[in-house]
Amino acid sequence: MKEKIKTLAQKHNVLIAAHFYQRDEIVEIAHISGDSLELSQKASHSNNPIVVFCGVGFMGQSVKILSPKKRVFMPKIACCSMARMIDDSYFDESVKKLKSYGIDDFFPITYINSNAEVKAKVADFGGVVCTSSNASKIMDYALKQNKKIFFLPDRCLGENLAGQNGLKSAVLGVDSKEDVKNADIICYNGFCSVHQLFSVQDIEFFREKYKDILIVVHPECPKEVVKEADFVGSTSQIIKYVQSLEPAQKVAVGTEFNLVNRLRKPYNGEQNTFVLSSTKPECPTMNETTLQDVLKILEAIDKGEPYNEILLEEKIAAKAKKALDKMMELS
Ligand code: 13P
Ligand code: SF4
């Protein structure tokens, strides 16, 4: 099957892109793999007219927005559960709520884990997109605007950025009106169901079991977990960090299990890399795509009957591009 995939991709000059959370078999056959920032940069800069994107919807959309002439297909239309927690109407409702609190002027930042309509709304308000790997840089830029920041949809990333910068944060619709009015960063109440699984108890368990263990987490984890960690980073930052450690150094990692299991091979017969949870932190939608799905979409492209193409309304895509381009410029 892998050979057939390779041949068909070559025949149609297709770039196969895979997020790090994809199954091993998908990462193995992909031409490029990476975190969400790297994938949108690499895929949009490539010369291939067609991209088969193995990941979740907002990632495929980002490639289409950044390079509208490319045709982008997804073997499975998989959605990030966090991205589904906000759409343009929820965005409008949040703006109404902020106004009812007397907050008329704010600078919006949307995490890349959001759909094109939400990115377009953020662009309308002069805002920008961020990913987990460039969030600090984008936050530095946002702080220079001297406005309250409205961060969406991930409340955890928003709270963690506030903590990192010594700023006050509050969650809209959860915290009191006073807290929201006093906050520097107002967060939308979205979250990642996978990264919510990691807890301080998990960290205590591993630290008790292995004295010198290091704890590494993704910034989508809750703020209590991030505060306790030795290292916090995006998926590619986690990979670089863990792979730079001494092979005997024990490390427990709080992110999706496909990525964690691929980080390091056992050393002297001993496994030193652990998933920071007693349950399986699996992103179900990321895990859906199989080799069979990739072959099926390539065969459909070959027959001239493709499906699952990412198509966006031109006006929405053009606005969303403004917020994404600004991010690229600042990255
Ligand atoms: P990265 O930007 O680190 O790839 O994260 C994307 C994501 O969805 C993590 O859950
Ligand atoms: Fe979305 Fe969480 Fe899956 Fe990342 S791990 S794609 S944030 S549901």
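Assorted remarks:
- The set of residues in the stretch 125-168 that are aliphatic (A, V, I, L, M) and more than 16 Å from ligand 1 (Cβ to nearest atom) comprises A142, L143, I149, A162, L167.
- As for the stretch 268-278, it holds no residue that is in contact with a helix residue (DSSP H, G or I) (Cβ under 8 Å, 6 or more places away or on another chain) and acidic (D, E).
- Residue in the stretch 97-116 that is within 16 Å of ligand 1 (Cβ to nearest atom) and touching a Ser or Thr at 6+ places or on another chain (Cβ under 6 Å) present: yes
- When residues in the stretch 148-165 are screened for being over 18 Å from C192 (Cβ atoms) and at pLDDT 95 or above, 3 of them pass.
- Considering residues of the stretch 189-205 that are farther than 19 Å from C79 by Cα and in contact with a helix residue (DSSP H, G or I) (Cβ under 6 Å, 6 or more places away or on another chain) only, the residue nearest to ligand 1 (Cβ to nearest atom): F198
- So Y241, is it surrounded by fewer than 20 Cβ atoms within 10 Å (Cβ to Cβ) and in contact with a Gly (Cβ under 7 Å, 6 or more places away or on another chain): yes
- Matching residues, the stretch 172-208, being of a type in the set (A, V, I, L, M) and exposed (fewer than 15 other Cβ atoms within 10 Å of the Cβ): V174, V200
- Selection from the stretch 249-262 of residues that are modelled with pLDDT under 95 and surrounded by fewer than 17 Cβ atoms within 10 Å (Cβ to Cβ): N261, R262
- Residues of the stretch 255-313 satisfying the condition of being among the aliphatic types (A, V, I, L, M) and either assigned to a loop (DSSP other than H, G, I, E, B) or more than 20 Å from I238 (Cβ to Cβ) (or both): L263, L276, L291, V294, L295, I297, L298, A300, I301, I310, L311, L312
- Residue within the stretch 209-217 that is within 14 Å of ligand 1 (Cβ to nearest atom) and under 17 Å from the mean Cα position of the chain (by Cα) present: yes
- Qualifying residue in the stretch 289-310 (condition: buried (at least 17 other Cβ atoms within 10 Å of the Cβ), under 21 Å from D87 (Cβ atoms), among the polar types (S, T, N, Q) and modelled with pLDDT under 95): no
- Scan the stretch 27-78 for residues that are of a type in the set (A, V, I, L, M), more than 16 Å from ligand 2 (Cβ to nearest atom) and touching a Ser or Thr at 6+ places or on another chain (Cβ under 9 Å) and the total you get is 5.
- Looking across the stretch 168-198, the residues that are part of a loop (DSSP other than H, G, I, E, B) and free of Cβ contacts under 8 Å to residues at least 12 places away in the same chain come down to D175, S176.
- Any hit, the stretch 215-236, residues being modelled with pLDDT of 95 or more, assigned to a helix (DSSP H, G or I), among the polar types (S, T, N, Q) and surrounded by fewer than 23 Cβ atoms within 10 Å (Cβ to Cβ): no
- Only residues that are within 16 Å of ligand 2 (Cβ to nearest atom) and either among the small types (G, A, S) or in a loop (DSSP other than H, G, I, E, B) (or both) were counted across the stretch 156-167, and they come to 1.
- Any hit, the stretch 227-236, residues being out of contact with any Asp or Glu (no Cβ under 9 Å at 6 or more places or on another chain), among the β-branched types (V, I, T) and under 29 Å from K42 (Cβ atoms): yes
- Taken across the stretch 142-151, residues that are in contact (Cβ under 8 Å) with a residue 12 or more places away in the chain and under 19 Å from the mean Cα position of the chain (by Cα) do occur, with at least one present.
- Which listed residue is modelled with pLDDT of 95 or more and over 14 Å from A320 (Cα atoms), from Y111, Y101: Y101
- Hits in the stretch 263-279 (condition: at pLDDT below 95 and either closer than 19 Å to L37 by Cβ or within 15 Å of ligand 2 (Cβ to nearest atom) (or both)): S277, T279
The values are calculated or read from the model by the stated rules, or taken from the named source; none is laboratory data. Here the structure is a predicted model, which means the values were calculated and not measured. Reconstructed Cβ throughout: ideal geometry from the backbone, glycine too, with neighbour counts over all protein chains shown.
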